[in-house]
Each structure stands twice: as C-alpha cells, then as structure tokens.
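Worksheet: one structure, shown below.
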Amino acid sequence: MRAVLRALVLVLGVKAAAATPGPPAGEVAGRPPNIVLILADDLGWNQVGYHGFPFFATPHLDRLARESVRFRHAYSAAPICSPSRAAILTGRAPARLQLTDYIPGRLFPDQPLVSPGTQRGLPLEETTLAEMLRTRGYRSGIFGKWHLADSYDYAPGRPLDPESQGFDEVFHTNKPKEDQLGTPDAHNADAITERAVDFVRRHRGRPFFCYIAHHVAHRPLTEDPAVVERWRRRPGAGEPGNSPVIAAMIERMDRGIGRILDVLRELDLERGTIVVFTSDNGNIVGDQGPTPFRGGKAMLWEGGLRVPLAIRWPGRIAPDRDSDEPVISHDLCPTLLELTGTTYAPRLHDGVSLGPILLGTAAALPREAIFWHYPHYHELGDRRPGAAIRMGRYKLIEWYEGTLLGRGPATSLFDVVADPGETRDLAAEMPGRNEAMLARLRAWRARVGAIEMRVR
C-alpha cells in the first residue's frame, strides 16, 4: 500500500492541476497557497492564552487564533512525539505506520507485557506531505526538530533525515545540552525563527512549505534567568501549574511566531498563505498541571492527547470561529493537500480533510470515530499502555494490562464533553456502549495492522 501511494504521486503529480476540479480556492495566477506549519513540542492545550489560561502570555498566538478556525477538540495522533510527527507528515495513523513510540523508544523488561517495538525512523517508502507538494512546484524547508530518524544527529542527505523525505532545505536543531542550560535561546527558538524568516523571504515568488518545529516546551526546562525571574514576579506564578520557566520559554516561541506572521504581512503573502499551529502531544505532568483535563504526555487521558490547533487562511477561511468537531494530527496532511489542489488518494490516508469545516461547507466530518494505539510503557505518568477510541462525546480507553492480565480495569468510558477531566467512569453504567466501542476499537487495530502487546 505504501508503494502504491508513492507510485500514485509520481505518476499523477504532473497532472495535479488537471486532476483537481477547478483551481483551488484562493489560488492567484495559478499559484497554490503557501503553507506555514508551526509545531510546538510538549505544549499542552492549557498553555495558550486564547484557551482562557492568562498566565501564559501568548499575544501573537492569540492574534493568530482570532484570525483562524480554532479546533477545541483537536488531538495528537499519539501521546508521544515521533508518532504524531510521522502522522502529520503522512496522513497515516501511527498504528498503520508501526511507529507508535518515540524514536528509539525504550524497553521495560521489568514490566509484565512486552511492547512490540517501534520503527527506528519514518520508513522511506512512506510518501510525505513535502514529497507530494513537490508535484505542485513547492519548495519545502524544515526548521527545528525532526525526530523521525534513528539518530538525533543530522547528516545532509542521509537516509531517514529530512532531505530523504522531500525537504529541500534543512535547519536541524536538538534540545539543549548540559552546558547550554540557563543560556538565552537554549532551545533555538530564535535561531529557528531567523532561518524560517529567511526561507520565506527567499521563496516568496513561488509556493513554499515552511515547517517550523520548535523544541518549546520540551525538557530540559531552561531559559534566560533574567526572563524567568520576571515571570516569577508575575501574579499567579505561585499557583499550581503556572511554571515561570515554561512561561519564559513560551514567550520566546510566541515572539518568533509573531515575526513569522509579520513577515507574511510585510511581503503581502498573508492572503496566499495557510498558517497552522498545533502541538505534538500534551504537556508533562509535574512540569505543568493538566487542568481542565487529566494526565499528560505518554498517557491516553485527555491531558496527553488534547492539543491546541488553529488554522488561518485570510480571505478563504472565515476567521474567529470555534469548532468542537474531534480532529486528529493525521487530518492535517489531507487537509493541506486538498486546500493546495494537490492530487492524492484519500483511501490511502487515515486522516480526512478538514476543508469542509474550514471553508464553511459543513460543520462535521464524514466519520464516526478516531483512534489511538499506544502499546508501550513510559517513564512518565501512570505507565499504563493501552488504546483508545472517541465516538461523538464518548471516549473509551482499553487498558492492555486489564484485558491481557486481568490487572485493573479492562476499559474506562467517559463523556469527555460533560466530563473533560475524565472523573466519572461510565463503563459499568453503559455496558452496551462500552462493548460496542471496544469492538470497534479492536476491529480498527486489526484493519490497520497494529502490532499488539503480548504477555511476557
């Protein structure tokens, strides 16, 4: 199937414009819209001001959100980084990619279940968003974190690094080393912004895909001590969940996002550019409180999966709107392909295009459920591997130790609209719904070829 998708792109790429029914909305003089995709790292739903959490000052993100459709029930494809990044770039579920944990992952020989392992990189036979956009004449650049290769280092042109996955320009960065702690811009937010701005300026005359992948707010938590001290003096700094260090990190990233938005306006590219902002997973419990949710990174609770998502396209996407439709990371790839008029085969993608919601032609998407499969232990959080499904307002979690070993509950069921903190387990009260959703979840895993855990 993967080879089929790549062959389809190569064969039909030159016919992309003809294959699309009419020019894509907003195209000017035959040119499709630019894309700026901004991905934060371990940034929770509650760490942006526009979701009603004022301690974190994000004026530039708040401005972007006012000019966007805000998806209030947006989810990462996994509660961990590499799988979500792979899903964004391919439109395919981590379970289908068999890339379900961070790379390289970690084995836990002291635990009772054996994890199936994970891919050591995004397989080269997968076709990425950058490769597909190339058929429309796009120049693609990535600035920041990759984390889809079997090494944290980077070598130009090496298999599994960005050039082998369709990117023409690469500025690769890693999280801070020990000797960088406490230094300004230890997470390279300013450096990433500088290179992205330069890329936009140099390619303003042709369609471009600018992928900005920040390290904020991943550990180690570090920022300029003077800026952190300023945040310590801010009202509310002593309250649970209000981390002055994270606030200082987010401030720097937000300032960089403002620069990107300003350069688009300066170059008269606003109306011709789709801007997307989201995060790869939820924040880390202990670094930041999950309110109003439960749990965090590496967990299947809402706090590990729910992320901010805002999408802007001036003149085409009506601004300042909220959507409560459940959406997921791998929806972004087909969305951007559709909006740019790029030929693709929806049947080969697990995500669906958000175009109808963005363009105002529909309020809901033509699907009944979204799914997760996380067959791994992790040093963070409650160390409970499992899978999950959301259908409408209900979310079911299957706990693999419960179903395979009888340790703890087999499932938990929540109404995440009425109970976003997942405090009231409805599994016993709604046995019919519980069984139906569990059967649906297991059927999906079989359909996508998910590799299951086994008893040690």
- Is it fair to say L332 is among the aliphatic types (A, V, I, L, M), crowded, with 24+ Cβ neighbours inside 10 Å and either under 29 Å from I80 (Cα atoms) or not assigned by TED's automatic domain parsing to the domain that holds H73 (or both)? yes
- Task: Output the number of the condition that A298 fails; it satisfies all remaining conditions of (1) in a loop (DSSP other than H, G, I, E, B); (2) farther than 15 Å from G381 by Cα.
- Result: (2)
- Task: Look through the stretch 134-157, keep the residues that are touching a Leu at 6+ places or on another chain (Cβ under 7 Å) and assigned to a loop (DSSP other than H, G, I, E, B), and return whichever of them is surrounded by the fewest Cβ atoms within 10 Å (Cβ to Cβ).
- Result: D150
- Task: Give the residue that is farthest from the chain's Cα centre (by Cα), with candidates limited to residues of the stretch 394-415 that are closer than 16 Å to R294 by Cβ and charged (D, E, K, R).
- Result: D415
- Query: Give me the pairs: first residue in the stretch 172-194 and under 19 Å from I38 (Cβ atoms) and in contact (Cβ under 8 Å) with a residue 60 or more places away in the chain, second residue in a helix (DSSP H, G or I) and among the small types (G, A, S), beta-carbon distance under 8 Å, and six or more apart or on different chains, which are they?
  - Reply: D185/A191; A189/G256; D190/G256; I192/G256; T193/G256
- Note on the structure: In the stretch 321-334, anything farther than 20 Å from G272 by Cβ and of a type outside the set (K, R) is listed as D322, S323, D324, E325, P326, V327, I328, S329, H330, D331, C333, P334
- Message: Can you say whether A57 is closer than 28 Å to K145 by Cβ, of a type in the set (A, V, I, L, M), modelled with pLDDT under 95 and in the same structural domain as R234 (by TED's automatic domain parsing), as far as the supplied structure shows?
- Response: yes
- If we keep only residues of the stretch 34-64 that are assigned to a loop (DSSP other than H, G, I, E, B) and acidic (D, E), then the residue nearest to V275 (Cα to Cα) is D41
- Note on the structure: If you go through L396, L413, the only one that is outside the structural domain of L305 (by TED's automatic domain parsing) and within 15 Å of G304 (Cα to Cα) is L396
- For T335, the lone unmet condition from (1) in a helix (DSSP H, G or I); (2) in contact (Cβ under 8 Å) with a residue 40 or more places away in the chain is (2)
- Message: Quick test for you: out of R383, R347, R390, pick the one residue that is surrounded by fewer than 16 Cβ atoms within 10 Å (Cβ to Cβ) and either in a strand (DSSP E or B) or in the same structural domain as I38 (by TED's automatic domain parsing) (or both).
- Response: R347
- Item | Selected residue (only one of E126, E194, E131, E229 is within 20 Å of T90 (Cα to Cα), among the acidic types (D, E) and part of a helix (DSSP H, G or I)) | E131
- Counting only residues that are surrounded by 17 or more Cβ atoms within 10 Å (Cβ to Cβ) and at pLDDT 95 or above, how many does the stretch 158-184 have? 13
- Task: Tell me, yes or no, whether the stretch 107-116 has at least one residue that is closer than 30 Å to D198 by Cβ and among the hydrophobic types (A, V, I, L, M, F, W, C).
- Result: no
- Single unsatisfied condition, Y374 versus (1) without any contact (Cβ under 8 Å) to a residue 40 or more places away in the chain; (2) within 23 Å of P112 (Cβ to Cβ); (3) out of contact with any helix residue (DSSP H, G or I) (no Cβ under 8 Å at 6 or more places or on another chain): (1)
- Item | Hits in the stretch 172-184 (condition: touching an Asp or Glu at 6+ places or on another chain (Cβ under 9 Å) and either within 15 Å of H203 (Cβ to Cβ) or charged (D, E, K, R) (or both)) | K175
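The values are calculated or read from the model by the stated rules, or taken from the named source; none is laboratory data. The structure displayed is predicted, hence computed values, not measured ones. Reconstructed Cβ throughout: ideal geometry from the backbone, glycine too, with neighbour counts over all protein chains shown.
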